[in-house]
Structure formats: structure tokens, C-alpha cells
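Let me begin by presenting the structure, written as C-alpha cells, before commenting on it.
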Amino acid sequence: MPLFHIGLIVNPLAGVGGPAGFKGSDGMAEAALAAGVEPRAAERTRTALEVLLPLRERLLFRTFAGAMGAELLTEMGFAHEVLGISAGAVSHASDTRLAVQRLQEAGVALLLFAGGDGTARDVAEAVSEGQPVLGIPAGVKIQSGVYAISPRAAGELTRRLVEGGLVRLASGEVRDLDEAALRDGRVASRWFGELTVPQEGGYLQQVKQGGVESEELVLADLAAWLEADWQPGVRYVFGPGSTLHGLAQNLGLETTLLGVDVVEDGRVIAHDVSEAELFALVAGTPSYLLVTAIGGQGHIIGRGNQQISPRVLRSIGLERLRVVATKRKLSTLEGRPLLVDSGEIVLDDAFPDAVRVWTGYKEELLYPLSR
């Protein structure tokens with residue numbers, strides 16, 4: 001089974017200001033350490049990672065040297081790659097930002113980071129839009145909505161993703177208090193951006209508690225979301241299959257059930273295209289690719305949609321791939337990953353370890369992918 005790639009960044013000094021009574025650690029870490037405060041971020045991270053120990057053989061972490069992650073991963077026996085080292089003896093915000101950049105470039109499916117609101121701000125400054133991240137709470141103050149409710153909860157949510165559970169993606173706010181004002185007795189919180197974070201997703205049996213999921217209603221919801229989000233001048237490639245055909249019908253579009261069609265500005269501009277025709281339509285033109293999974297099997301590329309060739313995929317960009325599937329269809333996989341078989345091993349390896357799946361109105365799940 002292929003390894004699941006996770007990024008890990010630990011802010012070793014997160015939380016040290018709290019026990020010292022500094023209301024935070026920003027700019028006060030050295031003073032807190034001088035006062036005898038013991039850093040706790042590593043132990044908080046250890047608590048999260050302990051949940052993943054039974055899956056150790058399935059994981060490969062990417063991290064920075066020493067206290068930023070590698071030291072703890074070595075102690076716990078997790079396989080990992082070290083992609084950098086902090087610039088000084090004590091890590092700084094610039095080290096966190098650099099680590100975010102390098103871990104993303106290495107293609108992690110999820111970026112775990114341990115810290116507080118200051119760390120979340122550093123992550124937000126460097127992270128690419130749409131990169132799933134999850135905070136392990138280790139700071140003094142946690143105003144941001146990008147942290148799990150506890151270190152163990154962060155581990156449980158990550159475990160669910162690795163094991164193929166449905167994990168919904170949402171937008172979480174990054175907020176931070178003005179610590180100088182806080183020390184003067186004033187509470188001032190500011191918004192610093194948003195991050196894409198996983199939340200606990202619903203398994204099919206949870207959906208059934210409120211009634212059986214209706215595919216017709218789900219497709220209507222997805223159509224409403226897509227219609228509200230059309231980008232002018234952008235081409236949307238609809239892959240084959242009843243899910244995408246039903247989505248198109250809800251948009252008032254006549255597409256081919258088993259073919260590939262191209263939509264632009266709310267109308268079909270090409271029906272049942274060949275690979276060569278599709279490449280000519282997307283080369284040099286901003287495009288999105290919509291595909292679905294084969295029920296019970298899980299292939300999204302390479303089965304019944306060979307028109308979507310490696311050069312088409314490269315032209316569109318893997319970051320513009322969107323999988324459309326109901327929770328019911330995903331449940332038929334019974335936790336098995338989605339699959340790609342583009343015909344080129346190098347391209348297959350470039351796919352992320354987890355992809356975004358549209359499952360309802362403004363609802364996305366993060367789901368594992370394999371080759």
C-alpha cells in the first residue's frame with residue numbers, strides 16, 4: 001500500500017509564555033525560558049501522533065530538523081524526511097514559513113502544525129490556497145478556528161483521513177490577539193486570513209439518521225453551487241458517468257453520458273470530444289476538470305475516460321481537478337482509496353495523497369487517493 005505523506009511543523013516555543021504569566025509567547029519566549037518554563041509543544045504533538053502509531057507503516061512524514069519535528073518523529077519511530085533546518089539555535093517565524101513552503105513543494109496531503117495563533121498566522125502567510133492544514137493546539141491562546149479541540153482530536157481526525165474515512169473540508173479563520181494590548185488589560189482580536197482545514201465528515205450511516213441520502217437532491221445542490229461559482233471565460237471539462245451527466249442536466253446542459261464534454265460560460269461548446277480535440281480546447285485556456293469515481297472500484301482517471309490523457313491533465317493542472325461524488329458512492333469503496341491510472345507513472349506519482357471531493361452544496365471532503 002502506498003505511503004500517505006503528512007507534513008509536520010512544531011513551533012518548539014509555543015505556549016511557553018503562559019506558565020510565565022506573559023499571556024502569550026510572541027516576543028516573550030526567551031524571557032519565559034529564562035524563568036525556568038519548560039516547553040510543552042513537543043509533548044502536545046506527541047499526544048496527537050500517538051493516535052497514529054498503529055498506522056506507522058502507512059505513513060511518511062516530511063518535516064524540519066531537530067525540535068521542529070524530526071527529533072520527535074525519530075523518538076516515536078515514524079519514517080520521515082528532513083527538508084530543512086531552522087536558521088538559528090531557536091526557531092523563529094521565518095523558519096515556520098520556510099517549512100510550510102518546502103513541505104508543500106514536497107506534496108504533503110495534510111500539513112500538521114503545533115503552535116498557537118502566532119504560528120497559525122505564519123502558516124497562513126506561506127501556505128498555498130486550498131492546501132489542507134490542521135493545527136495541534138499548543139499555544140497560550142487559541143482564537144483561530146484552524147485547530148483541533150485537543151491534540152488527541154487532531155490525531156483522531158488525521159487517522160480518519162488515512163484510513164479512508166470521509167473528512168469534510170472547511171474554511172477556518174486565523175485570528176490573533178494583540179498581546180501588548182492584552183498585557184495592558186485590553187482584548188483586541190484581529191482577522192489575519194483563512195485556511196483550508198479538515199473537519200469530521202459524515203459516514204453514510206450518519207446521513208441515514210436523517211433519511212436516506214437522495215442522489216437527485218445532492219446533484220441539484222451541487223448544480224446550484226457550480227452555477228453560482230461559474231467563472232467567465234473558464235472552461236469546465238465534464239468527464240463521463242451518470243453523476244456528472246446528472247449534474248449537467250440540473251444545470252440545463254445536454255451532455256453525453258459516456259463521453260467528455262466542454263462547457264464555457266454556461267453552455268456546452270463541445271460534445272463527446274476526442275483526446276486531440278480536448279487538448280486543443282484546454283491548452284493555454286484556464287480550465288477545470290470534473291470527474292467522478294467508478295462506484296465500488298474508485299478509479300477517477302484511466303477507466304472509461306482515456307480522452308483525459310496525461311498531456312490534458314498537465315495542461316489543465318492537477319490543482320484544478322475536482323472529483324464529484326455523493327457520500328453514498330464513496331461509501332461503496334468501504335474505506336479504499338480513490339485510484340488513478342493515467343498511463344504515466346511519473347504523472348500518477350504527482351497526484352496528491354488525498355483529493356478534494358465535492359459532495360454537496362459548498363461541501364467538500366478530503367479523501368485518500370492511491371496509484
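Values quoted throughout were computed directly from the atomic coordinates according to the rules given, and no laboratory measurement underlies them. Just so you know, these numbers come straight off a predicted model, no measurement behind them. So basically every Cβ, Gly included, is an ideal-geometry build from the backbone, and we count neighbours across all protein chains shown.
Taking the Cβ of each residue in 86, 242 as the centre, tally the other Cβ atoms inside 10 Å and list the residues starting with the fewest.
242, 86
So if I take the centroid of the Cα atoms in the stretch 220-246 and the same for the stretch 316-371, what is the distance between those two points in Å?
Rounded to whole Å, the Cα centres lie 17 Å apart.
For residue 129 and residue 217, compute 0.36 nm times the residue count separating them, minus their Cα-Cα distance, and round to one decimal in nm.
28.8 nm
Could you work out how much longer the chain between residue 230 and residue 258 gets when fully extended? Use 0.36 nm per residue separation minus the Cα distance between them, nm to one decimal.
7.7 nm
May I ask you to sort 271, 245 by Cβ crowding, counting other Cβ atoms within 10 Å and putting the fewest first?
Going from least to most buried by this count: 271, 245.
What's the ranking of 74-81, 318-325, 254-261 by average number of surrounding C-beta atoms within 10 Å, highest first?
Peptide ranking by packing, descending: 318-325, 254-261, 74-81.
What does the net charge come to around residue 96 if you take all other residues with beta carbon closer than 10 Å to its beta carbon, with K and R at +1 and D and E at -1?
With Lys, Arg at +1 and Asp, Glu at -1, the neighbours total -1.
Assuming R0 = 25 Å, what is the FRET efficiency of residue 163 and residue 306, from their Cβ-Cβ distance, to the nearest 0.05?
Using R0 = 25 Å, I get an efficiency of 0.20.
With a sphere of radius 14 Å drawn around the Cβ of residue 50, what net charge do the other residues whose Cβ falls strictly inside it have (Lys, Arg +1; Asp, Glu -1)?
Result for the neighbourhood of residue 50: +2.
Along each principal axis of its Cα atoms, how long is the stretch 251-334 end to end? Whole angstroms, biggest number first, please.
Taking the Cα atoms of the stretch 251-334, the three principal extents are 38, 30, 20 Å.
Using a/c under 1.5 as the rounded threshold, could you call the stretch 225-371 rounded, prolate or oblate? The axes a ≥ b ≥ c are square roots of the C-alpha gyration tensor eigenvalues, and prolate needs a/b larger than b/c, oblate otherwise.
Taking the square roots of the gyration eigenvalues as a ≥ b ≥ c, the stretch 225-371 is oblate.
Taking 7 Å along the Cα-to-C-beta vector as the label spot, tell me the residue 269-residue 191 distance in nanometres, rounded to one decimal.
Distance between the two pseudo-spin positions: 3.4 nm.
Roughly speaking, what is the stretch gain from residue 82 to residue 345, that is 0.36 nm per residue apart minus the C-alpha to C-alpha distance, in nm to one decimal?
Gain in length upon complete extension: 92.2 nm.
Let's test the formula: R0 of 51 Å, r as the Cβ-Cβ distance of residue 74 and residue 249. What FRET efficiency results, to the nearest 0.05?
0.40
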